[in-house]
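S.K.: After the structure tokens below, expect a handful of questions from me.
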Amino acid sequence: MGFYSEQILPRAIDKMLDNAEFAAVRREACDGLRGDVVEIGFGSGLNVPFLPTGVTGLWAVEPSEVARRKSRTRVAASAITLHEAGLDGERLDLPDDRFDSALSTMTLCTIPDVDLALHELRRVLKGGGMFHFAEHGRSPEHGVARWQDRCNGLQRRFAGGCNLNRDIAALIARSGFEIETLRNFSLKGPKPLGYMTVGRARNL
Ligand SMILES: C[S@@+](CC[C@H](N)C(=O)[O-])C[C@H]1O[C@@H](n2cnc3c(N)ncnc32)[C@H](O)[C@@H]1O
């Protein structure tokens, strides 16, 4: 990894995703999480302040050392017991049927083999366990989706492999999760960047 992706990008992401609009999204995504939770793409721990008291421990999967370091103040300010649980959502070094809940925010856009990551989440979640997600992705508006396809190469290059045009709900459904709640909306700002899918899916 180069200096930009290793040092600058994790700090930029920490700043860009730490605002009131995202705080509301995080609150919604974290609401109802319970028991032992695995989070893929933990980043700088921006979800930590929103974890409900029913969470007994958080297993964080995050490749960026800078992001993990930045998370420490948030973790220290919370009551959560954090376990650093590996670097790659595509290969979870965690046992089968272990977790009550799983969490991913703004991460399914970036993991290269997202099908594999979802398969891994299903493997480590108990039967009936819930996956909570808040992700940006492909807009149903044809004109917006065209721009997302056009700009995807640039986005991938400058945003650490982030894709604008993944159909998040379709990816989750085809991995075998049963989607129980889904809310779509657009964030403020350029439409290609901000089509959001927030919801919960059950591991069957
Ligand atoms: C846009 S950031 C979101 C961070 C955090 N989830 C949040 O909402 O603030 C995407 C995160 O996915 C992480 N990531 C990239 N590839 C990954 C992988 N293969 N497995 C797990 N996380 C990954 C990045 O390091 C980055 O922290």
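The values are calculated or read from the model by the stated rules, or taken from the named source; none is laboratory data. Worth saying up front: this structure is predicted, and the values here are computed from it rather than measured. Because the Cβ atoms are built from the backbone with ideal geometry, glycine has one as well, and the counts that use them run over all protein chains shown. We work out accessible area using only protein heavy atoms, side chains counted, and drop any ligands, DNA or RNA first. Shrake-Rupley method; radii C 1.70, N 1.55, O 1.52, S 1.80 Å.
Matching residues to (1) over 14 Å from the mean Cα position of the chain (by Cα); (2) buried (at least 19 other Cβ atoms within 10 Å of the Cβ):
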| residue | (1), (2) |
| --- | --- |
| Arg98 | yes, no |
| Pro112 | no, no |
| Ala117 | no, yes |
| Gly143 | yes, no |
| Trp147 | yes, no |
| Arg156 | yes, no |
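S.K.: While we're on this one: Scan segment 43-71 for residues that are near the ligand (Cβ under 8 Å from one of its atoms) and part of a strand (DSSP E or B) and report the count.
M.R.: Qualifying residue count for the region: 1.
S.K.: Could you say which residue among Pro49, Pro63 is open to solvent by 20 Å² or more (accessible area, probe 1.4 Å) and under 17 Å from Ala29 (Cα atoms)?
M.R.: Matching residue, one of Pro49, Pro63: Pro49.
S.K.: Only residues that are more than 16 Å from the chain's Cα centre (by Cα) and among the β-branched types (Val, Ile, Thr): list them for segment 180-204, please.
M.R.: Within segment 180-204, just Thr181 meets the criteria.
S.K.: A further question follows. In segment 158-186, how many residues are within 16 Å of the ligand (Cβ to nearest atom) and open to solvent by 50 Å² or more (accessible area, probe 1.4 Å)?
M.R.: So the answer is 1.
S.K.: Can you name the number of the only condition in (1) assigned to a loop (DSSP other than H, G, I, E, B); (2) over 29 Å from Leu193 (Cβ atoms) that His83 fails?
M.R.: Tallying (1) assigned to a loop (DSSP other than H, G, I, E, B); (2) over 29 Å from Leu193 (Cβ atoms), His83 fails exactly one: (1).
S.K.: In segment 19-36, how many are surrounded by 14 or more Cβ atoms within 10 Å (Cβ to Cβ) and within 13 Å of the ligand (Cβ to nearest atom)?
M.R.: Matching residues across segment 19-36 total 8.
S.K.: Right, here's the next one. For segment 120-132, check the following and say yes or no: at least one residue is more than 12 Å from the ligand (Cβ to nearest atom), of a type in the set (Phe, Trp, Tyr), buried (at least 23 other Cβ atoms within 10 Å of the Cβ) and modelled with pLDDT of 95 or more.
M.R.: Looking through segment 120-132, at least one residue is more than 12 Å from the ligand (Cβ to nearest atom), of a type in the set (Phe, Trp, Tyr), buried (at least 23 other Cβ atoms within 10 Å of the Cβ) and modelled with pLDDT of 95 or more.
S.K.: In this structure, does Arg74 turn out to be of a type in the set (Lys, Arg), assigned to a helix (DSSP H, G or I) and open to solvent by 70 Å² or more (accessible area, probe 1.4 Å)? First the steps, then the outcome.
M.R.: On the way: of a type in the set (Lys, Arg): yes; assigned to a helix (DSSP H, G or I): yes; open to solvent by 70 Å² or more (accessible area, probe 1.4 Å): no.
So Arg74 does not fit the description; no.
S.K.: Being within 11 Å of the ligand (Cβ to nearest atom) and open to solvent by less than 40 Å² (accessible area, probe 1.4 Å) is the filter; apply it to segment 77-96 and report the residue that is nearest to the chain's Cα centre (by Cα).
M.R.: At the first step, the residues of segment 77-96 found to be within 11 Å of the ligand (Cβ to nearest atom) are 85-92.
Filter again for open to solvent by less than 40 Å² (accessible area, probe 1.4 Å), leaving 85-86, 89-90, 92.
Working: Ala85: 15, Gly86: 15, Gly89: 10, Glu90: 13, Leu92: 15 Å.
Taking the candidates together, the pick is Gly89.
S.K.: In addition: Among the residues of segment 111-128, is there at least one that is over 22 Å from Gly32 (Cα atoms), in contact (Cβ under 8 Å) with a residue 60 or more places away in the chain and β-branched (Val, Ile, Thr)?
M.R.: Yes, segment 111-128 contains at least one residue that is over 22 Å from Gly32 (Cα atoms), in contact (Cβ under 8 Å) with a residue 60 or more places away in the chain and β-branched (Val, Ile, Thr).
S.K.: Looking at (1) within 8 Å of the ligand (Cβ to nearest atom); (2) open to solvent by 20 Å² or more (accessible area, probe 1.4 Å); (3) in contact with a Ser or Thr (Cβ under 6 Å, 6 or more places away or on another chain), which is the only condition Ile40 fails?
M.R.: Evaluating Ile40 over (1) within 8 Å of the ligand (Cβ to nearest atom); (2) open to solvent by 20 Å² or more (accessible area, probe 1.4 Å); (3) in contact with a Ser or Thr (Cβ under 6 Å, 6 or more places away or on another chain) leaves (2) as the failure.
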